[in-house]
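For reference, the structure discussed in these notes is given below.
No lab work stands behind these numbers, since they all come straight from the coordinates. All of these numbers come straight from a predicted model, not from anything done at the bench. A quick note on method: Cβ atoms are made from the backbone with ideal geometry, for glycine too, and the neighbour counts reach across all protein chains shown.
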Amino acid sequence: MIWLKARRAHTALPAGLLALFALVLLVQDSEMVLPSLLSGLQGTPILLTAPVVITTALIFCLNSRLPSAEISGTRRVAALDVALTATYLLVVTVGCMALGELLSSTEAVAVGRNSAFLVGLALCARPWAGEAATFVPVAWVVVVLVLGFRPTGDPYPWTVTPEPVGAPHAAVAAVLVLVAGLAALYSTSRKMP
């Protein structure tokens, strides 16, 4: 299909999945010690940064386009983009859940939820940021690492990504942000430069 080749989905998305799953397998529940402005030095799961791989691959894919053909074409490009994004996130979530169960890693399971949240943020920023929307999830992760933890080491509820797998507010936030991002993608897909 020409649309998939124009999006480079056949190369970018499998590469992103491979990188993510390799990272999950190698890192599992390992932590890194990072300084936080509010809680000092603390151990933070390395997999907190893993969804950035997925968002980068997806935004690269969505920004690879043939604008003149898409604007004048009759294909439903917006619906195809939304379907591609949803399918990709479904594969990421199911894959991370399977790896989490296999490795007994709660952090691996949380990567699926965090990927949905960060992809939603990037898609919400994409209409006004364009290709720079790739940096929105990176900025979110940095802000969470620097400002997202109380002095006791517990994450604030607004951070979403470092919350435990079973935190209902984090799951609801991820779904709401993803739905908003998919709506933004659908409404602006043909208008992007």
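Descriptive notes on the structure:
- Over region 121-164, the alpha carbon radius of gyration divided by the compact-protein estimate 2.2 N^0.38 Å works out to 1.33.
- Calculated [222 nm] ellipticity per residue, helices only, for the chain: -22000 deg cm²/dmol; basis is -39500 (n - 2.57) per DSSP H run with n ≥ 4, divided by all residues, nearest 500.
- Note on the chain: dipole from Cβ charges, positive end direction compared against Ser30, Ala12, Ile2; the farthest Cα belongs to Ile2.
- Cut-off under 5 Å, modelled amide H: who pairs with Met32 long-range: Thr44, Ile46
- For the chain, the longest site-free run once trypsin sites (Lys or Arg not before Pro) in DSSP loop states with at most 14 other Cβ atoms within 10 Å are removed: 77-193
- Counting 0.36 nm for each residue step from Ala78 to Trp158 and taking away their Cα separation leaves a gain of 25.8 nm.
- Between Val172, Val111, Val52, the residue with the greatest mean-square fluctuation in the GNM of the chain (Cα pairs under 10 Å linked by springs) is Val172.
- Over the chain, Cα pairs under 8 Å with separation of 6+ residues give a relative contact order of 27 percent.
- Residue-span extension gain [Val179 to Leu90] - 0.36 nm each, minus C-alpha spacing: 30.7 nm
- Rg over Rh, two decimals, the chain (C-alpha only, Kirkwood Rh): 0.99
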